[in-house]
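> The following block contains the structure, expressed as structure tokens.
The values are calculated or read from the model by the stated rules, or taken from the named source; none is laboratory data. Since the model is a prediction, treat every value here as computed from it, not as a measurement. Quick reminder, even Gly has a Cβ in these numbers, built from the backbone with ideal geometry, and neighbours come from all protein chains shown. When the accessible area is computed, the model is the full protein with side chains, heavy atoms only, and any ligands, DNA or RNA have been set aside. Shrake-Rupley method; radii C 1.70, N 1.55, O 1.52, S 1.80 Å.
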Amino acid sequence: MKQLGEVGLENTSASNQDPHLPIAYTVLMAVYRGEKAAWFRESLQSMLDQTWPPDEFVLVCDGPLTTALEAVVDWFAETAASKLQLIRLDQQSGLGIAANMGLQSCSNEWVVRMDSDDLARPDRCQMQLRFAQENSLDVTSAWVEEFSDQPDHVTGVRRLPELDTEIKNRARRRNPINHPCVAYRKSLVLETGGYRNLSGFEDYDLWARLILKDARFGNLPEILLAMRAGSGLYKRRGGLAYTRKMISFWREMIRIGFVGWPRGLANMTIRSIVSLMPNISRRAFYQTRLRNNADK
């Protein structure tokens, strides 16, 4: 299996591009003022360096940005002027609303999500879209490598089950898709209602509703993206506020019929214990119990 650091940044020539890939796809990214400008630029560059480049890039500025971030937006507007659709929201609204706004503006059927601080492997899009096409998928993601400060300081790998049935079974217990590394068919996501306002669980909620609509899922068992996962990631998944959001999410999953009460109550109980742990314990739990194993 290739690791993220084993692939160079050079583009392949047109003669080496896979003729079976969809001709066009859109990259969808949202950025807000809390992001670091250097990380934002690196993330954008990783998508510009794709072996099968996007022909469209929808960038949503979720509220006013810092001067440093605006400078990166200006650079990107010059670098990718013919591909860029820039959307500006007057106030910060959160990932779900920002993603929905961007999704409405995507011109292509296939949409590739990208977070504004992660690093995509150069052949991420080529491999994912080929995998989706060959397996007649509606939603596809891949394994994600987590790092703390530098990409070579790997702290864990988010491995996922590969097959549609396995993914749907896992979904009743844990999120089966790595949202920072997902690609999906726009028409089906919009038909399902897009992202809803379930803070912290917008993506998981979307997968659940897509599963109820019999969408076909698949995960590529290769590391295609490096994700920043410092201590802040685990802090955001703890505390009373997060616990309340988590319980609301699983109550909604019960309401829509995605899980029954026994499974829903079990999920609430287990996750409440984890979210109320001290941060150092919760981080250790995630890194030792919930990473590196697709079946856990």
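> Restricting attention to the stretch 58-96, which residues are assigned to a helix (DSSP H, G or I), crowded, with 16+ Cβ neighbours inside 10 Å and either modelled with pLDDT under 95 or in contact with a helix residue (DSSP H, G or I) (Cβ under 8 Å, 6 or more places away or on another chain) (or both)?
If the condition is that a residue be assigned to a helix (DSSP H, G or I), crowded, with 16+ Cβ neighbours inside 10 Å and either modelled with pLDDT under 95 or in contact with a helix residue (DSSP H, G or I) (Cβ under 8 Å, 6 or more places away or on another chain) (or both), then LEU69, VAL72, PHE76, LEU95, GLY96 are the ones that fit.
> Scan the stretch 13-57 residue by residue and report those that are of a type in the set (Gly, Ala, Ser), more than 26 Å from GLN150 (Cβ to Cβ) and either open to solvent by 50 Å² or more (accessible area, probe 1.4 Å) or at pLDDT 95 or above (or both).
Residues satisfying the conditions are SER13, ALA14, SER15.
> Hey, another quick one. Yes or no: ARG291 basic (Lys, Arg), assigned to a helix (DSSP H, G or I), modelled with pLDDT under 75 and under 26 Å from TRP143 (Cα atoms)?
The answer is no for ARG291.
> Same structure again: Report those strands (runs of 3 or more DSSP E) wholly inside the stretch 150-265 carrying at least 3 residues which are in contact with a Lys or Arg (Cβ under 7 Å, 6 or more places away or on another chain) and within 25 Å of ASP118 (Cβ to Cβ).
Values: elements: 154-158, 183-185, 217-228.
Here the list reads 154-158, 217-228.
> So for the stretch 173-181 (the condition being more than 24 Å from LYS36 (Cα to Cα) and in contact with a strand residue (DSSP E or B) (Cβ under 8 Å, 6 or more places away or on another chain)), does at least one residue qualify?
First, pick out the residues of the stretch 173-181 that are more than 24 Å from LYS36 (Cα to Cα): 173-177.
Those still in the list that are in contact with a strand residue (DSSP E or B) (Cβ under 8 Å, 6 or more places away or on another chain) too: 176-177.
Among the residues of the stretch 173-181, at least one is more than 24 Å from LYS36 (Cα to Cα) and in contact with a strand residue (DSSP E or B) (Cβ under 8 Å, 6 or more places away or on another chain), which makes the answer yes.
> Only residues that are open to solvent by less than 30 Å² (accessible area, probe 1.4 Å) and more than 16 Å from the chain's Cα centre (by Cα): list them for the stretch 168-189, please.
From the stretch 168-189, those open to solvent by less than 30 Å² (accessible area, probe 1.4 Å) are 170-171, 176-184, 188-189; that's our starting set.
Within the stretch 168-189, ARG170, LEU188 meet the criteria.
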